[in-house]
Amino acid sequence: MVNVPETRLLHISDTHLGKRQYGSDVRRDDFADTFEQAINLAAERDVDAVIHTGDLFDDPVPSLPTVMRCADALEPLEKHEIPFYGIVGNHERKNDDQWLDLLRRTNAVTRLDRAPTVVGDIALYGIDAVRPSVWDTADFELESAPEEAQCSILCMHELLEPPAEGIIADHPVEDVLERVNVDLDGLALGDLHQPKSAHVDGTDVWYASATERCAKDQEETGLVQLLEIEDGDLTRRQLELETRPWSVLHIAFGEDDGASHVQDVFDRRDLTDAVAKIELTGERGAVTANEVTRMARDAGAAVVSVDDNRGRVDIDVDSIEAMSLQGLDGAIEERLAGEDFSEIALDIDVRVREDDGLSDSVSGAANDLEPALRDAQRAAFDDVEAPDEDIDTTVTMGGDE
């Protein structure tokens, strides 16, 4: 056998470009900054290719500035002639052409599919995020790799067990391995925002993690994976990105506790340039959530989000298995996956729950969602001419928000 020079890939995932976490433009820039770091790292390490396993964008309809910044960030790869291979994640999935297809026209970007893309001695495959309603009938068959390929890697964007655990996992990884007709050496995954791995039936299975922290309970983020393949042997190394610090605080109030109690807590923590995620529990008092926000900013926090749960009945979240890894959002999404909701309904649910840059007003939020509703209209009435009049996005809501 002729020895083939080592092939190196940088595995990036879940960059969620355009995400205005906690309604903050600072956080939107943070997600873009870490993506740029990862791309520059690929250029510095002179890798043979970059693979991205989904959720490049946080939204199926990203803003033009977000798309343009992504295109600009990819320029170092063009300069060094490093290809960028990706698949479509559940956050960015559209009913028609995908954003990866658009970027392909202006950058060194290629969307992976079931036909092998050969890099060095590696055959790369890709399957976009599969809708839960069609998982059981989805076609996972891959074309055979050429003889010169000594290693086969499939990229997917799914929650598979293992490495994902418990209620957050949607499907067993064995289901995928049994349905592909190629012996896989690696299964590179996205969707889980933490680095986890397993070895299943001779296949190395792993999550790269996210490049930025997407929730308070996801601590092992800001990571990418360097893959090194030589003579068919695959090894992985975890590389850290520089990300904004987080400070997660729980402030419990007694009957007489006020601003000084909050200040005591802040004095014990370094909030400089941090994302301060603060939960207030216990007795309601004179200090308001807005005052806590102001105090956190005065203490140096760059981004502040306050959950005021004072006066509410405590819930034993330890009994909720999903909280151990993916958080409450993961449990909600698992429940939704079992229902027969349309894809647009699921996308809107994600945007509303994550405060994904929506207007604070009901009518403004409806206008923000209109492009997605129009996508759904076109998909539902494929060959039927759409009416000329605008969609009525007026929403009437009862009760307090």
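Read-outs: derived from the displayed coordinates by stated rules, not from any lab. This structure is a prediction, so every number in the text was calculated from the model and none was measured. Ideal geometry is used to build each Cβ from the backbone, glycine not excepted, and the neighbour counts take in all protein chains shown.
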### Fewest-first sequence of K216, K79, K19 by Cβ atoms within 10 Å of each Cβ
K79, K216, K19
### Query
Per the Cauchy relation, a quarter of the hull surface: what is the mean projected area of the convex hull of the alpha carbons in the stretch 115-178, in nm²?
4.8
### Message
Through the Karplus equation 6.51 cos²θ - 1.76 cosθ + 1.60, θ set to phi - 60°, convert the phi angles of the stretch 69-84 into ³J(HN,Hα) values in whole Hz; use x for Gly and Pro.
### Response
5, 4, 4, 5, 5, 7, 4, x, 5, 4, 4, 9, 6, 9, x, 10
### Message
What FRET efficiency comes out for A345 versus A138 if R0 is 25 angstrom and r is the Cβ-Cβ distance? Round to the nearest 0.05.
### Response
0.75
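Given R₀ = 25 Å, what would the calculated FRET efficiency be for A71 paired with L239, taking r from the Cβ atoms and rounding to 0.05?
On the way: r = 24 Å, r/R0 = 0.95.
Efficiency for this residue pair is about 0.60.
Whole-Å semi-axes of the stretch 149-270's equivalent ellipsoid, largest first, each the root of 5 times a Cα gyration tensor eigenvalue?
Values: eigenvalues 334, 59, 14 Å².
Result for the stretch 149-270: semi-axes of 41, 17, 8 Å.
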### Query
Amide H to amide H, which residues 5 or more places from W246 or on other chains are under 5 Å from it, using H placed in the peptide plane?
V275
### Task
Compare the peptides 195-204, 272-281, 124-133 by average per-residue count of other Cβ atoms within 10 angstrom and give them in order, highest first.
124-133, 272-281, 195-204
### Summary
For the D308, N40 Cβ pair and Förster radius 45 Å, calculated FRET efficiency rounded to 0.05 is 0.65
### Task
Based on other C-beta atoms within 10 Å, arrange M156, M68, M295 from fewest to most.
M68, M295, M156
